[in-house]
Structure formats: structure tokens, C-alpha cells
Amino acid sequence: MLAAVTVLVAIVLALYLHLEPQLPPVQALRDFQFEVPLRIYTQDRVLMGEFGDQRREPISFDQFPPLLIKAVLAAEDDRFFEHPGVDYQGLLRAVARLVLTGEKEQGGSTITMQVARNFFLSPEKTYQRKLTEILLAFRIEHELGKEDILALYLNKIYLGQRAYGMEAASRVYYGKSVWELSLPEWATLAGLPKAPSKINPVANPAAALARRDYVLRRMHHLGWISAEQLEAGLSAPNTATLHGPAIGLNAPYLAEMVRQELQARLGGEIYRAGLTVYTTIDSRLQAAADVSLREGLLDYDRRHGYRGPEARWPVGEGGDGLTRRLSEVPRVGGLQPAVVLAVDARNARIQMAGVGPVELDWEGIRWARRWLDDDRQGSAPRRANDVLKPGDVIRVRQQGDRWVLSQVPQVQGALVSISPRDGRILSLAGGFDFVQSPFNRATQARRQPGSSFKPFLYAAAFDKGYTPASIINDAPVEYAQGVNGEIWRPENYSGRFYGPTPLREGLVHSRNLVSVRLLQEMNVGYGVRYVERFGFPMQHVPPDLSLSLGTAELTPLEMARGYGVFASGGYLLTPYLIARVEDHDGRLLYARAPELACEDCGDAAPRVQPAQGPGWLADHPPIALGGADFVPEPVRSAPRVMDGRTTYLMTSLMQDVIRRGTGQYALRLNRPDVAGKTGTTNGLRDAWFAGYTPDLVAVTWVGFDLARSLGRGESGSVSATPIWTNYMSRALKEVPRRAIDLPPGVVAVWVSAATGTRTSLDDPAGHYEYFRADMLPPEAVNEGPGEASGSTATPIRQEELRDLF
């Protein structure tokens with residue numbers, strides 16, 4: 001016996017001497033960084049995205065409820081605070097079972113041994129690994145206190161459904177923090193480490209309840225809960241359901257933009273490093289953008305008719321079977337899937353998942369004229385069964401307390417808004433629904449802006465000596481193009497010609513021939529060079545006369561940047577989305593130093609940066625994980641790229657676009673401080689509206705991903721302007737109207753509507769027009785009786801204009 005003991009001791013000593021040099025340093029546990037997912041927030045701290053394989057929310061030991069700790073100890077290691085890391089009693093029981101039966105017992109591992117295994121060892125089951133686990137447990141107990149060890153365990157352990165740690169599991173299964181749970185719910189979580197995938201309360205409720213009851217009885221046996229608590233706990237139902245991340249704002253296009261940028265800079269570490277990203281997004285404006293875009297696309301879709309059901313199912317399988325199938329059909333853009341159960345002349349009865357049977361009344365169906373093509377619809381339906389049949393799988397949406405028939409639009413769109421003060425992206429909707437299509441049309445779709453591009457060329461003209469009163473002949477014109485000399489004959493949208501036209505009227509009524517002749521007169525090369533100052537990627541700007549009709553290929557975000565020059569008074573701002581990045585401990589890793597639209601707020605940026613794709617952190621210091629604290633750059637002035645007098649003239653013209661031109665739908669805003677321009681491309685393939693106030697720039701686009709006609713009459717005024725107007729009405733609800741002050745060097749002069757020259761105040765055909773003081777129009781020439789007087793009207797200043805414009 002003595003010899004056997006001696007041999008056993010020698011073997012253990014040899015194993016110790018063999019394994020001890022291979023043991024990992026447990027000091028690393030003191031500063032261990034848990035794998036925490038990337039979380040993305042709005043500027044007002046609303047969560048809008050989370051990325052990572054593991055859902056984890058580490059908390060300190062004193063943040064765990066005492067009864068949860070006791071439940072875990074009762075289930076896993078009730079002598080945890082008594083043993084030195086290895087429970088000899090449990091270990092001897094496991095050894096005895098092995099000797100007597102030859103079977104390995106699952107028990108015998110203390111919480112400290114589980115910490116050693118989870119943090120340092122592989123999952124293989126060998127005697128050497130078990131001995132290593134024991135040695136590590138002793139070391140861990142020597143280096144760390146009991147509470148530190150228990151906190152590591154409670155934050156590290158896998159508990160099913162991608163949840164690691166008790167706090168994350170509490171939110172996954174119950175949608176709330178561990179402090180908000182009840183005793184039966186704590187016991188349920190405490191029972192999960194044994195087999196988290198098999199006995200979690202979502203995957204196997206019966207097994208989870210049995211394990212919970214075992215934990216409760218152990219707690220009562222140990223004297224940690226009363227008989228009354230035990231009885232109440234055993235009778236409690238299973239309340240667990242699967243909860244996703246607590247997303248406060250569903251903005252997947254934006255969250256994906258941030259994820260892609262950080263992935264490009266940091267790689268896969270972003271999913272584990274616990275980064276917190278604060279964006280520039282305003283949650284209220286983002287919600288308004290999503291609603292406005294979806295409503296506008298649905299309105300377009302209704303105008304063009306009903307395309308029929310998505311599918312047809314047999315309705316004989318009953319409500320439960322249909323509900324189960326419907327639950328597998330994703331919601332798209334807030335549109336609920338439903339199946340038609342029965343139809344009569346005026347109503348339809350439908351089944352919806354999570355709602356049950358509901359009635360569709362005639363008012364929710366009568367719009368559904370049959371779609372024939374993008375220009376034509378069938379006759380108006382007279383009965384509900386002209387539209388629907390039993391078994392039709394359809395989409396419905398709620399309007400007030402009624403459900404109405406709908407459908408997922410084939411047309412797409414985008415909306416983006418930025419601050420003209422510093423370039424912050426305040427809202428962005430990249431399509432009808434991210435689930436339907438993750439393609440971000442606000443940043444990735446290059447489409448021709450049509451007439452919404454004209455203001456950039458008009459600004460070029462004003463900087464070359466033209467004025468709002470300059471006359472351009474709106475008359476037929478033709479040009480030979482290409483090597484084959486093909487004839488190009490541009491036309492106005494109306495198909496008519498209007499003769500000599502002041503530039504103000506040319507833009508207000510979007511006269512194409514005025515723009516073409518203007519670009520030709522002032523030289524195409526000059527116009528192309530001029531528009532580069534708006535930050536456009538010049539490889540997408542054609543160097544020919546077609547540019548006058550907006551044949552550049554630009555994204556809505558690039559257009560918003562260009563219009564930001566007008567809104568800011570002449571400054572080119574770089575739109576940005578990521579404002580700051582912090583690590584899991586709240587240490588600043590990156591902060592954007594914005595460029596401001598002001599003269600004296602810092603050193604002016606030395607160059608104009610063209611748009612460079614989705615680099616929302618471009619030209620700024622890199623993000624580094626670890627290392628020294630980040631020191632933000634000072635604020636600086638944005639580069640001025642346009643004279644403030646020119647931006648005022650352009651704003652005046654685009655205010656008239658809304659007052660009496662193609663943008664009159666926006667008069668519903670009842671705001672004198674809005675300005676903008678519609679855009680429609682050849683063949684009605686794209687519809688735009690770009691506009692602004694002194695506080696907000698917004699651009700909307702509507703079109704098909706595979707470009708085709710939007711249909712007869714679907715111009716920018718009809719398809720895009722209502723979306724822009726509805727968004728601005730929501731976005732500007734609490735924003736006071738702001739007067740746009742007349743800048744120094746701009747005056748108003750009484751001019752002839754026919755010639756654009758100065759005329760006398762008694763000329764009935766005259767009107768006031770704005771001019772740069774250094775570019776006043778010439779005086780009218782008095783050629784004889786009956787001609788206009790040669791007297792000059794005195795320029796008037798801002799205080800005299802309050803009732804004139």
C-alpha cells in the first residue's frame with residue numbers, strides 16, 4: 001500500500017512538473033476583455049444596430065442579484081465559497097464512479113475549474129486536460145478573489161441562443177435586465193450552463209422547466225429560499241420568449257454603412273471589441289425619412305394599379321396551418337402578409353399571423369385597378385371579388401383602425417438629408433425596405449439628376465456675368481453629335497417653345513432649351529470646370545452639352561452635398577456619418593472634427609475633396625484599438641467655393657421654383673424659407689427633388705433599379721416632390737422659419753420683363769429683380785416716342801423689399 005501511494009505521489013509530482021511550465025499565465029484574467037458586439041447609436045443615443053456573433057453584456061459582480069448568484073451556486077457549485085478551487089468531495093465522487101463503473105461523471109468541476117476550462121483550455125475530454133484544469137483552478141484561486149472568479153464565470157458562460165453571460169441571456173430570453181427578473185426566471189437561467197442548447201426555455205420549454213424546478217428545490221434544500229418561495233416558483237409558468245437586440249430605431253441601411261466602414265479599417269475585430277459608435281443621425285428625422293419615403297412609394301404604386309397576389313395557397317388547411325405559414329413570410333416595409341379566406345361583393349375576410357381573421361372592407365379594396373403596364377390600368381373594380389379570391393396571399397397595411405389592401409412596390413427610392421452647418425448626415429433611407437433589397441440607393445445608385453442639376457450651371461453663369469434677368473431664347477435647336485454626326489434636338493418637357501426667356505423664368509419653369517443655349521454660350525469647358533467645385537466625382541460628369549439637361553451620374557448623397565453649397569452660403573461641406581467611436585470602457589478612440597460653414601471658426605481647409613464613395617471617416621486619423629488616448633482635431637472652416645452673393649441669387653430663383661414653378665407642391669409647407677428644384681430625366685426614368693432651408697438640405701429620388709419609365713406623368717413634381725415635402729413637414733415641425741438675409745453687394749432693381757434691362761418705375765411691364773451690385777443690368781435705350789424711358793430706377797435695399805418678394 002505504501003509503495004502504491006509512493007508511486008501515485010510520484011506520478012502526480014511528475015505530471016505536475018510536466019504540466020506546470022505549460023500552464024498559461026492566469027494574471028491575464030485580471031484585465032480580461034470579453035468579446036462584446038459592435039453597437040451603433042444615433043446622435044441622441046438610440047440603438048440602431050448591433051453586429052457580433054456573441055450577444056454579451058458584461059457587468060460587475062455587485063450588479064448581479066444575490067438570489068441569482070445563489071441559484072447558480074445551487075445548480076453548479078454550492079461549496080464555491082468554501083473550497084480552494086477544487087472540491088475534493090465532488091472530485092472523489094467522480095473518481096469513485098469511474099473506478100466502480102468505468103464511466104466518467106459530468107460532475108466534479110467547480111466554478112473555478114469551469115473558468116479555467118472556458119478561458120484557457122480546449123473542449124476535449126482527456127485526463128491530461130482534467131489535470132491541467134485542476135492545476136489552473138488552484139492558480140486562479142491564488143491570483144483572484146472569489147467574487148472576481150464568480151463575475152468572470154457569470155459573464156463568460158454560454159447560455160444558448162448566442163447569449164454569453166447572465167445579463168445577455170436575461171435580455172435574450174426575457175427582454176430585460178437580470179435585476180428585473182423574478183426568482184423562477186433566475187432559476188431558469190441558473191439551470192442553463194448544464195446544457196444550454198438542449199434545455200433553454202425557447203428550444204425546449206419542458207426540459208427548461210424541469211431543470212428550473214431542480215434548481216429551486218436545491219435552493220430550498222440549502223436554506224436559501226423559503227417553502228413559500230419554492231411553492232410559488234414551482235407553479236410559475238415559463239415566460240421566456242426570444243428577444244432580439246433592443247433596437248430603438250430600425251435603420252439597417254445606416255447601420256450597414258457604419259459596419260462596412262469599420263470593417264474596412266479594423267477587420268473582424270469590430271465584432272468582438274465592444275466598440276460603441278455614435279453617428280450623426282437624428283432619430284426623429286430618420287423615422288420621418290423612412291415613413292415619408294415608404295408612403296411616397298406606396299402612393300406611386302397605388303396610382304399604377306394592382307399586380308395581383310404574391311402566391312395562392314389552399315385555404316382548407318385551417319387557421320393554425322395558415323398562421324404558421326404566414327409567420328414564415330417576412331414583413332416588408334411594414335406591410336403584413338395575409339391570406340384571403342373568403343370574398344363577397346363588398347368585403348374580404350383574411351387571415352394574418354399574430355392578428356387572426358380580420359375584415360377588409362370595400363374602402364380598402366376599391367383602389368385596386370388591374371395593372372396592365374406602367375402607363376395603363378384596367379377599369380375600376382366594382383366588387384371585391386373582382387380583385388381578390390380565396391387563397392390569395394396578399395399584403396395589407398393598417399391605416400387608423402382599418403386594414404387596407406396593399407402590395408410591395410417594384411419602384412424604389414432614396415432620401416437623404418444633411419446639415420448645411422457642418423455636413424452631418426441627419427437621415428438616410430436607402431430604399432423601401434432593407435430586407436427586400438440591401439442595395440443602398442442613397443449612396444450607391446448613380447442616376448442622372450435631370451433638371452435638378454441645372455442650378456449648378458446657373459450658378460456658373462451668374463459667376464460669369466449673367467444675371468437672373470439675362471435673356472436666353474427658348475427656341476428649337478439641333479446639334480450634330482458623335483463621329484456619325486447624329487442630330488440631337490433637345491426639347492422642353494411640355495414640347496412647346498417660349499421664345500426670349502429671362503434666366504429666372506428658365507429655371508422656375510425648367511426650360512430645357514434655355515439651359516442648353518446657356519451652357520453653349522458660356523462654354524461647355526467652363527461649365528464642366530465650374531461644377532467640380534461642388535465636390536462631384538468628375539469621371540461621372542460628361543464634358544458636353546448634354547450636361548445642361550443633367551446627364552451626370554450622381555448619387556442622392558452627392559446631390560445633397562452639392563445643394564449644401566447653396567444652403568450654407570457658399571461652403572462645400574463633407575457629409576459624414578460617424579461622429580465618435582468608444583471602446584467598451586468608454587475610452588475615446590475617434591471623434592470627427594467637423595468643418596463648419598463659417599469664415600472665422602478655424603483654419604480654412606486648403607482643397608476641395610471630391611466624393612470618394614462610402615468613406616465616412618476619410619481624411620481623418622485612423623482608429624486604433626488600444627494605445628494612447630485619441631486627441632480630437634480642432635474645428636476648422638469648410639472651404640468656400642462660391643460667392644455668397646451668387647448663392648443668394650440661386651436661392652431666390654429656387655424659392656420661385658416652389659412659389660410658382662415646378663415645385664409648387666412644396667407650398668404645403670407654408671414656409672418662405674424653402675428653396676429647391678425638381679428633376680426628371682429622359683423617358684421619365686428618374687424623378688428628383690432637391691431642396692433646402694437654412695437648417696436642412698434634403699434630396700429625394702424615385703425610380704426603378706433596372707431603369708425604365710416611371711409611367712405617363714410621373715415627373716419629379718409628381719413622384720419625388722411629395723416625398724420631399726412630407727419629410728420636410730415632419731423634420732421642420734419644431735424649427736422656426738428663418739429669414740434669408742440679403743448679403744452685402746446684392747441689390748434689387750426695377751427691370752423690363754422683356755429685355756432684362758433697367759427701366760423706369762412707371763413701366764407697367766417692369767418688376768424688381770436681384771443683382772450683384774457689380775453686375776447691374778444696362779439701362780434701356782430710349783429710341784423715340786413710345787419707347788421705354790431711359791431713366792434708371794434706383795437700386796433698393798433689403799429693408800425696402802419685405803413686401804415685394
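The values are calculated or read from the model by the stated rules, or taken from the named source; none is laboratory data. If you're wondering where the values come from, they're calculated on a predicted model, not measured in any experiment. Positions of Cβ are generated from backbone atoms using ideal geometry, with glycine treated the same way; all protein chains shown enter the neighbour counts. Protein only, heavy atoms only, side chains kept; ligands, DNA and RNA dropped before computing areas. Shrake-Rupley method; radii C 1.70, N 1.55, O 1.52, S 1.80 Å.
Side notes on the structure shown:
- The charge dipole of the chain, taken about the Cα centre with unit charges on the Cβ atoms of Lys, Arg (+1) and Asp, Glu (-1), comes to about 1920 debye, rounded to the nearest 20.
- Accessible area of the chain belonging to carbon and sulfur atoms, whole % at 1.4 Å probe: 52 percent
- Span from the region 723-747 Cα centroid across to the region 356-428 one, whole angstrom: 32 Å
- Angle between the chain longest axis and helix 644-660 axis [Cα atoms, degrees, rounded to 10]: 90 degrees
- Cα shape, the chain, gyration tensor, a/c 1.5 rule: prolate
- Using the average count of surrounding beta-carbon atoms within 10 Å as a protection proxy, the listed peptides 699-711, 476-488, 241-253, 380-392 rank, highest first, as 699-711, 380-392, 241-253, 476-488.
- Straight-line reach from Lys733: taking Cα to Cα under 19 Å and skipping same-chain neighbours fewer than 8 places apart, the aspartates and glutamates in range are Asp44, Asp282, Asp290, Glu295, Asp673, Asp695.
- Ranked by the mean number of other Cβ atoms within 10 Å per residue, highest first, peptides 756-763, 466-473 order as 466-473, 756-763.
- Rounded, prolate or oblate (a/c below 1.5 giving rounded, otherwise prolate when a/b exceeds b/c) for region 441-498 by Cα gyration tensor: oblate
- Angle in degrees between helix 252-266 and the longest Cα principal axis of the chain, rounded to the nearest 10: 70 degrees
- Cα-Cα over 19 Å, subset of Lys70/Lys146; Lys70/Lys156; Lys146/Lys194; Lys70/Lys198: Lys146/Lys194; Lys70/Lys198
- Interatomic Cα distance distribution for region 289-443, bins of 10 angstrom, percent: 11, 36, 32, 15, 5, 1, 0
- Probe 1.4 Å - accessible area at Ile111, Å² to nearest ten: 0 Å²
- Contact order normalised by residue count of the chain, Cα under 8 Å, 6+ apart, percent: 11 percent
- Largest accessible area first, the residues His221, His304 order themselves as His221, His304 under a 1.4 Å probe with ligands, DNA and RNA left out.
- Sorting Tyr571, Tyr158 on solvent-accessible area from highest to lowest, probe radius 1.4 Å, gives Tyr158, Tyr571.
- This model, with +1 at the C-beta of Lys and Arg and -1 at the C-beta of Asp and Glu, gives region 158-226 a dipole about its Cα centre of some 220 debye.
- Anisotropy class of region 675-727 from Cα gyration tensor, a/c 1.5 cut: prolate
- Given a 1.4 Å probe and the protein chains as shown, Glu595 ends up with an accessible area of around 20 Å².
- Computed from backbone phi with θ = phi - 60° and the Karplus coefficients 6.51, -1.76 and 1.60, the 3J(HN,Hα) list for region 567-584 is 5, 8, x, x, 9, 8, 9, 9, x, 9, 10, 8, 8, 7, 10, 10, 7, 5 Hz; x is used for glycine and proline.
- Taking a straight line from the alpha carbon of Lys464, these aspartates and glutamates sit under 13 Å away, with near neighbours fewer than eight places off in the same chain left out: Glu521, Asp643, Asp774.
- Separation of alpha-carbon centers, region 254-321 and region 438-467, rounded to whole Å: 28 Å
- Folded to 0 to 90 degrees: helix 88-101 orientation relative to the chain principal axis, Cα: 70 degrees
- Rounded to the nearest 10 Å², the accessible area of Ser546 at probe 1.4 Å: 20 Å²
- The chain, accessible area per residue, ligands and nucleic acids excluded (1.4 Å, Å²): 44 Å²
- In this structure, the amide hydrogen of Thr467, modeled 1.01 Å from its nitrogen in the peptide plane, lies closer than 5 angstrom to no residue at least 5 positions away or on a different chain.
- Ellipticity estimate at 222 nm from DSSP helix runs (n ≥ 4, -39,500 (n - 2.57)) divided over the chain, nearest 500: -9500 deg cm²/dmol
- Take each peptide in 46-59, 645-658, 532-545, count the other Cβ atoms within 10 Å of every residue, and average; sorted highest first, the result is 645-658, 46-59, 532-545.
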